[in-house]
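One structure is given below, encoded as structure tokens.
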Amino acid sequence: MAHIHFFFVDPADVGPGQLVLRGAEYNHAARVLRKQAGERIIAVDGCGRRYEGPIVALGSGELTVAIESAVEGGGEPRLRLTLAQGLLKGGMFDWVVEKGTEIGISVFQPMITAHTVVEGRGREGRWQEKARAAMKQCGRSLAPVVRPVAGFARALEAAGGEALFIAWEEAEVAPAGLAEALAGRTAATLFIGPEGGFSEEEVALASAAGARTISLGPRRLRSETAALTAAVRLLDAAGELA
């Protein structure tokens, strides 16, 4: 079976029975992949819809696809997981956004914490583009949201009402009972510290707000590794990886 490529389509370019790829997506399809009329593609609009159909026309700067199927929420997890992550050095937040999107994270909340080395302000637009590109690559249909950089207390306040988890190296046990903690929940927030970890005051503040402290095992993980490890555990406990 031939590989079907995924593309991003602007919702404004979706009409009755057809959609049109323009700009960078047109260039990628027509000039890089050399797509021809009759070949099938999948297009996602970043708003939760996924379309599939054959190419019916290739014009100057436009590629038209006949929509044969449209799926709502294709590739999306039921649990809306927010990753509240301390800012990272060396562009590693780019990597977290890309890989986090692939595994099913829905919202990224970059944070400044007590131990954060402030680097990465003003990159929210770049991270949003990374999330959209990863969404297309992995077959999701809803682009994850990248929120503006916020302080720890503000991020905690924004997560009110959700199931809360905070990874802390001094937590006594590895995660257990996560499935029960997530039962019936549609949203959860996972807090991951920067390279220096969370301060005791931040952990106490999170615990007072109802967050569950979790350990990720006996080995010390880099912040970006901890983020994906913990996110996978939560999504798996919620039945999203089965």
Exactly one condition in (1) in contact with a Leu (Cβ under 9 Å, 6 or more places away or on another chain); (2) closer than 23 Å to SER106 by Cα; (3) in contact (Cβ under 8 Å) with a residue 60 or more places away in the chain; (4) surrounded by 20 or more Cβ atoms within 10 Å (Cβ to Cβ) is not met by GLY193; state its number.
-> (1)
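Yes/no matrix, rows are residues, columns are (1) touching a helix residue (DSSP H, G or I) at 6+ places or on another chain (Cβ under 9 Å); (2) closer than 19 Å to PHE152 by Cα; (3) of a type in the set (A, V, I, L, M):
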{"residue": "GLY184", "(1), (2), (3)": "no, no, no"}
{"residue": "LEU190", "(1), (2), (3)": "yes, yes, yes"}
{"residue": "GLY193", "(1), (2), (3)": "yes, yes, no"}
{"residue": "LEU216", "(1), (2), (3)": "yes, no, yes"}
{"residue": "LEU228", "(1), (2), (3)": "yes, no, yes"}
{"residue": "ARG233", "(1), (2), (3)": "yes, no, no"}
Under 16 Å from the mean Cα position of the chain (by Cα) and either assigned by TED's automatic domain parsing to the domain that holds VAL44 or under 25 Å from ILE42 (Cβ atoms) (or both) - does that describe any residue in the range 117-128?
-> yes
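Just to check your reading of the model, which residue among GLY38, GLY15 is loosely packed, with under 14 Cβ neighbours inside 10 Å and touching a strand residue (DSSP E or B) at 6+ places or on another chain (Cβ under 7 Å)?
Values: GLY15 fails: touching a strand residue (DSSP E or B) at 6+ places or on another chain (Cβ under 7 Å).
Answer to the check: GLY38.
Here's the yes/no breakdown for (1) under 21 Å from THR116 (Cα atoms); (2) among the hydroxyl-bearing types (Ser, Thr, Tyr); (3) in contact with a His (Cβ under 6 Å, 6 or more places away or on another chain); (4) without any contact (Cβ under 8 Å) to a residue 40 or more places away in the chain:
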site: ARG140; (1), (2), (3), (4): no, no, no, no
site: SER199; (1), (2), (3), (4): yes, yes, no, no
site: LEU205; (1), (2), (3), (4): yes, no, no, no
site: LEU221; (1), (2), (3), (4): yes, no, no, yes
site: ALA226; (1), (2), (3), (4): yes, no, no, no
Residues in the range 52-69: is at least one at pLDDT 95 or above, of a type in the set (A, V, I, L, M, F, W, C) and not assigned by TED's automatic domain parsing to the domain that holds ILE41?
-> no
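The values are calculated or read from the model by the stated rules, or taken from the named source; none is laboratory data. Just so we're clear, the structure is a prediction, and the values are computed from it rather than from any experiment. Note: ideal-geometry Cβ built from the backbone for every residue, glycine included; neighbour counts use all protein chains shown.
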